[in-house]
Amino acid sequence: MNIELERKCKLLVKNRDVMHEAFRWNNESMMLAGSSFFVGLNMEADTDQLKACEEILKRKTGIFSPYRGNVRMPLLCKMAAAENPEQYFADVDSIVQQLKPLKWIETDYKVLASMTLRDHLKMEEILSAAEKMIGLYQGMREKHPWLTGGEDVPFAAILAVSGLDTDVLMAEMENCYQELSKVFRDKNAVQSLSHILAIDPADTRVKCRKVADIFDILKDGRHKYGTGSELTVLGTLAMLDLTAEQAAAEIMEADDYLKTQKGFGTLAMGDAVRRMYAALMVMDTHMPPASHSHESLVNSVLAMVIAMEVCMMIVMTSVIAATTTN
């Protein structure tokens, strides 16, 4: 395993331990997703900073506030990474209030979408971007009404900040969906994957084939990758300047390393989840430095720059979906 990939894996484990110290009784999946977020920023999680942000959240919100529910963990991580955590929260809350009239979007998904808009746009650009986000979401529902739900709103927010034309995005999403449906059975996972791949300017068949090739090589190498929502991480990884063979080889190396770490074994975590994080560490190793500046979001690298958010979004949307159906 190359030195930088090993460093990323060690940072993930270290951040997970810090998150445990700060939030001992919280949801394991959310804490691990938060840990990976800090790896994407090349940061060590800071217990004191996380706790300080939690105090800000307590001061600013009531006990039954949605900010202190399912979205609490990603919000605290984003606040902790911000230069001014209190202002970050105020900005996100302002955007959520602008989305409040959209009663058909669950509040949790509004918050996730608002964080993406806040991270990549100036505040004066939010309203037009929110309108574009809504248009994209409605386009998704028209194409696939039975697959599209509130969990697709945060993905629509990612697409909205891309700067790409809505019609172009919609057409490419559908092209990717049709290609990927021939390979993977989980249509919800295929739709989420097509959302991310739509940003990549590469040829539709080429980029979809690369995802399938990485998947097949992992399977042949006895590191079978999951076929659910974790496929989205393979989509972001496929955009990097790596061959399918190199990407798969590094995922296997990272997976073997993580499996030896406490809490990452098959019984504690499961192979599919661990391999998703292994893929994320490979992606973090090779993608350009993460940046919050809108100027950096050129089309050719957009998905890589914001890819560190994808894993947390996957975890959050799946957790929210589970709690709302129980």
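The values are calculated or read from the model by the stated rules, or taken from the named source; none is laboratory data. Small disclaimer: the values here were computed from a predicted structure and weren't measured. In this analysis, Cβ positions are derived from the backbone assuming ideal geometry, glycine residues included, and neighbour counts consider all displayed protein chains. Accessible surface is based on the protein model in full, side chains and every heavy atom, while ligands, DNA and RNA are left aside. Shrake-Rupley method; radii C 1.70, N 1.55, O 1.52, S 1.80 Å.
Working carefully through the options 226, 235, find the one that is in contact (Cβ under 8 Å) with a residue 12 or more places away in the chain, closer than 20 Å to residue 313 by Cβ and not in a helix (DSSP H, G or I). Before you say what the answer is, go through the steps one by one.
Values: 235 fails: not in a helix (DSSP H, G or I).
Of 226, 235, the one residue that is in contact (Cβ under 8 Å) with a residue 12 or more places away in the chain, closer than 20 Å to residue 313 by Cβ and not in a helix (DSSP H, G or I) is 226.
Could we say that residue 243 is open to solvent by 40 Å² or more (accessible area, probe 1.4 Å) and more than 16 Å from residue 144 (Cα to Cα) here?
On the way: open to solvent by 40 Å² or more (accessible area, probe 1.4 Å): yes; more than 16 Å from residue 144 (Cα to Cα): yes.
Answer is yes for this residue.
Filter segment 95-105 down to the residues that are in a helix (DSSP H, G or I) and of a type outside the set (S, T, N, Q), then identify the one that is modelled with the lowest pLDDT.
Here is the first cut: in segment 95-105, the residues in a helix (DSSP H, G or I) are 95-99.
Imposing the further condition that a residue be of a type outside the set (S, T, N, Q) reduces the set to 95-96, 99.
Numbers: 95: 94, 96: 93, 99: 88.
Once the filter is applied, the top-ranked residue is 99.
Name the residue that is most open to solvent (accessible area, probe 1.4 Å), counting only residues in segment 254-285 that are over 23 Å from residue 41 (Cβ atoms) and assigned to a helix (DSSP H, G or I).
Ranking the candidates gives 259 first.
Output the residue which, of all residues in segment 116-139 that are hydroxyl-bearing (Ser, Thr, Tyr) and surrounded by 21 or more Cβ atoms within 10 Å (Cβ to Cβ), is nearest to the chain's Cα centre (by Cα). So that I can check it myself, show each step before the final result.
Restricting attention to segment 116-139, the residues satisfying the condition of being hydroxyl-bearing (Ser, Thr, Tyr) are 116, 128, 137.
Right, trim to surrounded by 21 or more Cβ atoms within 10 Å (Cβ to Cβ) and you get 116, 137.
Numbers: 116: 10, 137: 17 Å.
In this case the residue turns out to be 116.
If I filter segment 140-147 for residues that are in a helix (DSSP H, G or I), touching a helix residue (DSSP H, G or I) at 6+ places or on another chain (Cβ under 6 Å) and under 27 Å from residue 64 (Cβ atoms), do I get at least one hit?
no
Spot the failing condition for residue 51; the list is (1) assigned to a loop (DSSP other than H, G, I, E, B); (2) open to solvent by 60 Å² or more (accessible area, probe 1.4 Å), and only one is missed.
In the conditions (1) assigned to a loop (DSSP other than H, G, I, E, B); (2) open to solvent by 60 Å² or more (accessible area, probe 1.4 Å), residue 51 misses (1) alone.
For residue 240, are the conditions met, namely being at pLDDT below 90 and under 20 Å from the mean Cα position of the chain (by Cα)?
Here the answer is yes, as residue 240 does meet what is asked.
Do we have residue 39 as among the aliphatic types (A, V, I, L, M), farther than 22 Å from residue 237 by Cβ, in a helix (DSSP H, G or I) and modelled with pLDDT under 95 here? It would help to see each step written out before you state the result.
Values: among the aliphatic types (A, V, I, L, M): yes; farther than 22 Å from residue 237 by Cβ: no; in a helix (DSSP H, G or I): yes; modelled with pLDDT under 95: yes.
Spelling it out, it is not the case that residue 39 is among the aliphatic types (A, V, I, L, M), farther than 22 Å from residue 237 by Cβ, in a helix (DSSP H, G or I) and modelled with pLDDT under 95.
Does residue 189 satisfy being touching a Gly at 6+ places or on another chain (Cβ under 8 Å), within 24 Å of residue 152 (Cα to Cα) and assigned to a helix (DSSP H, G or I)?
yes
Counting only residues that are touching a residue at least 40 places away in the same chain (Cβ under 8 Å) and either of a type in the set (D, E, K, R) or open to solvent by less than 10 Å² (accessible area, probe 1.4 Å) (or both), how many does segment 17-27 have? Explain how you work it out, then say what you get.
Just the residues of segment 17-27 that are touching a residue at least 40 places away in the same chain (Cβ under 8 Å), to begin with: 23, 26-27.
Imposing the further condition that a residue be either of a type in the set (D, E, K, R) or open to solvent by less than 10 Å² (accessible area, probe 1.4 Å) (or both) reduces the set to 23.
Of the residues in that region, 1 qualify.
Is it true that residue 155 is of a type outside the set (Val, Ile, Thr), assigned to a loop (DSSP other than H, G, I, E, B) and open to solvent by less than 40 Å² (accessible area, probe 1.4 Å)?
Details: of a type outside the set (Val, Ile, Thr): yes; assigned to a loop (DSSP other than H, G, I, E, B): no; open to solvent by less than 40 Å² (accessible area, probe 1.4 Å): yes.
No, not satisfied.
How many residues does segment 54-74 contain that are assigned to a helix (DSSP H, G or I) and more than 27 Å from residue 265 (Cβ to Cβ)? Explain how you work it out, then say what you get.
Kept after step one, since they are assigned to a helix (DSSP H, G or I), are these residues of segment 54-74: 54-60, 66-68, 72-74.
Going one step further and asking which of them are more than 27 Å from residue 265 (Cβ to Cβ), we end up with 54-60, 66-68, 72.
Of the residues in that region, 11 qualify.
Table: residues versus (1) open to solvent by 30 Å² or more (accessible area, probe 1.4 Å); (2) part of a helix (DSSP H, G or I); (3) not β-branched (Val, Ile, Thr).
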residue	(1), (2), (3)
78	no, yes, yes
89	no, yes, yes
93	yes, yes, yes
111	no, yes, no
114	no, yes, yes
